[in-house]
Amino acid sequence: MSNRHLLRCDPARRLVMQALTRAHARGEDYEPDIGAVRAILRRALPKSPVGVVRWTLQLGCTPEHLQDVIDGRGDPDDGILDALGLEWVPSRGVYADPLHDREARVLQQERWAEQLRRSRRIERSAPIPDSVRNMFAIGVGVPKLKPNEEK
């Protein structure tokens, strides 16, 4: 059974979903190790240089970093993990799909929470920083118009 008609997204995620479907049909969990993840990335790699550049931009990395991951000189991180739909679970030493694994889901939520920190609010009681005051001209006097003068 192919999920190709459902997943027009990333080719690597499609390969992960196909492997996940096959494992579930056998009654097993699909938890690839780093070698299997690298093999998936290798299979999903576009053939043209332009395709590689476009795919790495979608993954949020450089072509050099992707090549390092595939060659074993680096580990997949952030954008690559999000595109694959996998999360590294150090306690088991495998990658797991956060949609099917609670521990992987918790780790993914923690990683996202670190990446997407909320910006600091400027409270009304706090003094306005100079950079913000100058940027938006807050508190800067506006030229006054004479009573009969139009804008």
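The values are calculated or read from the model by the stated rules, or taken from the named source; none is laboratory data. From a predicted model like this one, the values you see are computed outputs, not experimental measurements. Cβ sites come from the backbone with ideal geometry, for glycine too, and all protein chains shown count toward neighbours.
Do we have D68 as acidic (D, E), modelled with pLDDT under 90 and within 20 Å of D10 (Cα to Cα) here?
no
Report, by residue number, each residue of region 30-54 that is more than 19 Å from G79 (Cβ to Cβ), charged (D, E, K, R) and at pLDDT 90 or above. Selection gives E31, D33. Scanning region 94-113 for residues that are over 17 Å from the mean Cα position of the chain (by Cα) and closer than 16 Å to D10 by Cα turns up nothing.
Out of the helices (runs of 4 or more DSSP H) lying entirely within region 71-151, which hold 1 or more residues that are in contact with a Lys or Arg (Cβ under 7 Å, 6 or more places away or on another chain) and at pLDDT 85 or above?
The qualifying helices (runs of 4 or more DSSP H) are 78-84.
The set of residues from region 13-27 being touching a residue at least 12 places away in the same chain (Cβ under 8 Å) and closer than 12 Å to D97 by Cβ comprises R13, V16, M17, A19, L20, T21. Looking across region 45-57, just one residue is assigned to a helix (DSSP H, G or I) and within 23 Å of Y30 (Cβ to Cβ), and that is W55.
Conditions (1) out of contact with any strand residue (DSSP E or B) (no Cβ under 6 Å at 6 or more places or on another chain); (2) farther than 20 Å from H65 by Cβ; (3) buried (at least 17 other Cβ atoms within 10 Å of the Cβ); (4) of a type in the set (G, A, S), marked per residue:
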| residue | (1), (2), (3), (4) |
| --- | --- |
| P11 | yes, no, yes, no |
| M17 | yes, yes, yes, no |
| L41 | yes, no, yes, no |
| A44 | yes, no, yes, yes |
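So how many residues does region 64-88 have that are surrounded by 18 or more Cβ atoms within 10 Å (Cβ to Cβ) and either at negative phi or among the hydroxyl-bearing types (S, T, Y) (or both)?
12
Here are P63, P49: which of them is over 26 Å from Q115 (Cα atoms) and not hydroxyl-bearing (S, T, Y)?
Numbers: P63 fails: over 26 Å from Q115 (Cα atoms).
Being over 26 Å from Q115 (Cα atoms) and not hydroxyl-bearing (S, T, Y) holds for just one of P63, P49, which is P49.
Scanning region 89-99 for residues that are surrounded by 15 or more Cβ atoms within 10 Å (Cβ to Cβ) and not hydroxyl-bearing (S, T, Y), we see that the one that is nearest to M17 (Cα to Cα) is D97.
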